[in-house]
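A quick write-up on the structure given underneath.
The values are calculated or read from the model by the stated rules, or taken from the named source; none is laboratory data. If you're wondering where the values come from, they're calculated on a predicted model, not measured in any experiment. Heads up, the Cβs are rebuilt from the backbone with ideal geometry, glycines too, and the neighbour counts pull from every protein chain shown. SASA here: full protein model, heavy atoms, side chains in, ligands and nucleic acids out. Shrake-Rupley method; radii C 1.70, N 1.55, O 1.52, S 1.80 Å.
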Amino acid sequence: MTPILTTSLPLPLHSQGKVRDTYRLSDRELLMVATDRISAFDVVLPTPIPEKGRVLNQLSLAWFRETAGLVRNHLAPDLSIPTSVLSEQPDLEQRSMRVVMAEPILFECVVRGYISGSGWKDYQRSGSIAGERLPEGLRESDRLPEPVFTPATKATSGHDENISPAELAHRTGRELAQTLERLSLSLYGFAAERALQSGLILADTKFEFGFHGGDVILIDELLTPDSSRFWDAQRYRPGGPQPSFDKQFVRDYLEQVGWNKQPPAPPLPDEVVEGTSVRYLEALRRLGPAGPREPRGERSERLRRHVPS
Ligand SMILES: Nc1ncnc2c1ncn2[C@@H]1O[C@H](COP(=O)(O)OP(=O)(O)OP(=O)(O)O)[C@@H](O)[C@H]1O
Ligand SMILES: [Mg+2]
């Protein structure tokens, strides 16, 4: 399949994010098309990653289906993509998702089972994450005693800002904040266990929710390498940063060429593109619809130590 940086469908454009082009199918439904764009350090790179969009879309679809019993989601009742839309570009089908339009709740619902990224920075500075005091002496990438809900504002420009659950409650009302926390923790618990069956640690992940017909539903993408930190359980070594499952090649390359992290970003060489594409495909192989769900055999038992309770 030809890699795709931008799409142009015969539909009104609803929004264009760093990765997805979203169109209006009707006044009730959207078509979200995952392109092969990749961003690093919050900047979209000029080079597409073959298969990335398809992988993100297929992974999200699989997770939405698997978690439908835990929380209602935005998958449209009829998932088929109208043929008129794709007649000229049938290869967009695999990367497109038909969803019901929700009113997005403008907070990122992050759950962390392990201490990494901005959570690690918070902890080093304050001994807590999202206002929650944590035991002393944790090392970078350690598993947390319990998964923590660390919401963030969804900044329209610039970086998202972490807030405490109390601050979230202040801004959304207590009932909605509690609902978001409960749903997020339950999704994380389910997915972390499921990922371990495929030999992956789900270190942290971000969910987005919206209102639809009076309900809070799960929207956006779900448990993809773009919204989550997945680590290879067999190579897990707390006490430092873990290699990210997907973007490590890209970040390493960009650091190595000394890019100042301001746009425009430099193009990626072929070997970095290929290495990254292979990692996304590996995530789909392990976690996707036909992924290797291991029976709870010996290996799973060994890995279960990592399962957050
Ligand atoms: N069912 C839905 N109804 C309405 N809006 C949705 C729905 N699902 C996702 N969205 C919104 O569509 C956008 C998805 O596009 P995308 O993820 O590319 O952009 P983004 O999240 O705004 O920016 P970023 O590039 O940082 O990811 C998000 O803003 C998300 O909140
Ligand atoms: Mg997004």
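Per residue, how much space in cubic angstrom lies within the convex hull of the C-alpha atoms of the chain?
Details: hull volume 44.0 nm³, N = 309.
Roughly 142 Å³ of hull volume per residue.
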- Message: Need the full-extension length gain, Q248 to E66, defined as separation in residues times 0.36 nm minus the C-alpha distance. One decimal, nm.
- Response: 62.7 nm
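What's the local net charge at H74, with K and R +1, D and E -1, over the other residues with C-beta under 10 Å away?
On the way: positive: R72, R98; negative: E29, E208, D220.
That sum, taken over residues with Cβ under 10 Å, equals -1.
Helix-derived [θ] at 222 nm for the chain: sum -39500 (n - 2.57) over DSSP H runs of at least 4, divide by residue count, nearest 500? Don't skip to the answer; put the middle values down first.
Details: 8 runs with 93 residues, N = 309.
Calculated mean residue ellipticity at 222 nm is -9500 deg cm²/dmol.
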- Relative contact order of segment 13-101 (C-alpha contacts under 8 Å, at least 6 apart) in percent is 30 percent
- Under 9 Å, Cβ to Cβ, from E208 - net charge with Lys/Arg +1 and Asp/Glu -1: -1
- Listed highest first by mean packing, meaning other Cβ atoms within 10 Å per residue, what order do 233-240, 25-32 come in? 25-32, 233-240
- Order by protection proxy (mean Cβ within 10 Å, highest first), peptides 248-256, 81-89: 248-256, 81-89
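Report relative contact order for the chain in percent, whole number only (criteria: Cα-Cα under 8 Å, sequence separation at least 6).
Working: 554 pairs, mean separation 64.1, N = 309.
21 percent.
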- What Kirkwood hydrodynamic radius do you get for segment 13-101 when you take the inverse of the mean 1/r over all pairs of distinct Cα atoms, in Å? 13.8 Å
- With springs only between Cα atoms under 10 Å, which of G258, G117, G131 fluctuates most in a Gaussian network model of the chain? G258
- Item | Accessible area (Å², per residue) of the chain, counting only protein heavy atoms and a probe of 1.4 Å | 47 Å²
